[in-house]
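Undergrad: Input: one structure, supplied below.
The values are calculated or read from the model by the stated rules, or taken from the named source; none is laboratory data. Here the structure is a predicted model, which means the values were calculated and not measured. Neighbour counts are summed over all protein chains in view; Cβ atoms, including those assigned to glycine, are modelled from backbone coordinates with ideal geometry.
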Amino acid sequence: MTEEKLYELLNEISDDHVQKAKRTKKVKKSFILKCAAAAACVCVVALWVFHIGIPSSDTVITASGLLTVTAYAESNEELVMQEGIEMPTNFSWSLAMSSSPGLPLNLYADEYEDVKFEVWTDGGTLLLWESNAIEKIDGTFYAENGTTIYWSTAFNYEENRFEAYSKSISYIGIIIRENENIVGYAVVQIYTDDSEDGVLKTYFAKLLKSVSFPTVKGKYQNITSEYVMSEIEKVKKS
């Protein structure tokens, strides 16, 4: 191409074309910057979720509860508690007439061999009764698979006697773990229909909720204690 021909072609490029090219360059640059900012935001959110480890209700996969809670009547007859179903009236416990130190509940999960139960109550007292010895549980404790716990009113060690419990309703919270992984939880309600001023009341148990967290593609879900505690509080308030 001759120098004269090149000069002619360059002269044919109008100012319009030049301005359009500049605008296109700016749009592309702006689009790239926006994409980069959006990607950065996604990364920040992903890191935040990974850091706190609290799953949302949309990401948690639940199934029917794997916990079997068995209650005992005064005749030592066993009855498996079913979620949301009232216990028969003969499955009760009272300070006045009882052969056990409290309302007995057996905790068992047959789907897992090495589970442990993290158990606590927000009212009354939890007891273990083994070899005719009664052990009071303070705060949260970890029970082996198949352990029977007893819910009772407060025990006065100085006077060696149980005392009347003033609240009409209390709750037993249960978190089920396999090693360090949370695989389920349950909430048991302890209640009485007796008047508040009664001294020797009769107490009943009701399984309010039992939930399991199955593995997904062979892996445990990232279920945290904080998440489960918030779900338990929702059950108690419902």
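Undergrad: Given (1) farther than 18 Å from residue 175 by Cα; (2) acidic (Asp, Glu); (3) at pLDDT 80 or above; (4) touching a strand residue (DSSP E or B) at 6+ places or on another chain (Cβ under 8 Å), where does residue 78 come up short, assuming only one miss?
TA: With (1) farther than 18 Å from residue 175 by Cα; (2) acidic (Asp, Glu); (3) at pLDDT 80 or above; (4) touching a strand residue (DSSP E or B) at 6+ places or on another chain (Cβ under 8 Å) applied to residue 78, the lone miss is (3).
Undergrad: Further question on the same structure: Would you confirm whether any residue within segment 127-134 is closer than 19 Å to residue 173 by Cα, in the same structural domain as residue 81 (by TED's automatic domain parsing) and among the aliphatic types (A, V, I, L, M)? Step through it out loud before you land on a result.
TA: In the first step, residues of segment 127-134 are kept if they are closer than 19 Å to residue 173 by Cα; the result is 127-128.
Now drop any that are not in the same structural domain as residue 81 (by TED's automatic domain parsing), which leaves 127-128.
Going one step further and asking which of them are among the aliphatic types (A, V, I, L, M), we end up with 127-128.
Yes, there is a match, as at least one residue in segment 127-134 is closer than 19 Å to residue 173 by Cα, in the same structural domain as residue 81 (by TED's automatic domain parsing) and among the aliphatic types (A, V, I, L, M).
Undergrad: For segment 193-203, does any single residue satisfy the condition of being buried (at least 19 other Cβ atoms within 10 Å of the Cβ) and within 21 Å of residue 103 (Cα to Cα)? Full working, then the answer.
TA: From segment 193-203, those buried (at least 19 other Cβ atoms within 10 Å of the Cβ) are 201, 203; that's our starting set.
When the remaining residues are screened for being within 21 Å of residue 103 (Cα to Cα), the result is 201, 203.
Yes - at least one qualifying residue is present in segment 193-203.
Undergrad: Might you check whether a residue that is within 23 Å of residue 110 (Cα to Cα), surrounded by 11 or more Cβ atoms within 10 Å (Cβ to Cβ) and at pLDDT below 90 occurs anywhere in segment 154-172? Break it down into steps so the answer makes sense when it comes.
TA: Pass one, segment 154-172, residues within 23 Å of residue 110 (Cα to Cα): 172.
Subsequent filtering for residues that are surrounded by 11 or more Cβ atoms within 10 Å (Cβ to Cβ) retains 172.
In the following step, the residues that additionally are at pLDDT below 90 were identified as none.
No: zero hits.
Undergrad: Any residue that is within 30 Å of residue 221 (Cα to Cα) and either part of a strand (DSSP E or B) or modelled with pLDDT of 85 or more (or both) - is there at least one of those in segment 81-92?
TA: First, pick out the residues of segment 81-92 that are within 30 Å of residue 221 (Cα to Cα): 81-85.
Those left that are additionally either part of a strand (DSSP E or B) or modelled with pLDDT of 85 or more (or both): none.
No; the residues of segment 81-92 include none that is within 30 Å of residue 221 (Cα to Cα) and either part of a strand (DSSP E or B) or modelled with pLDDT of 85 or more (or both).
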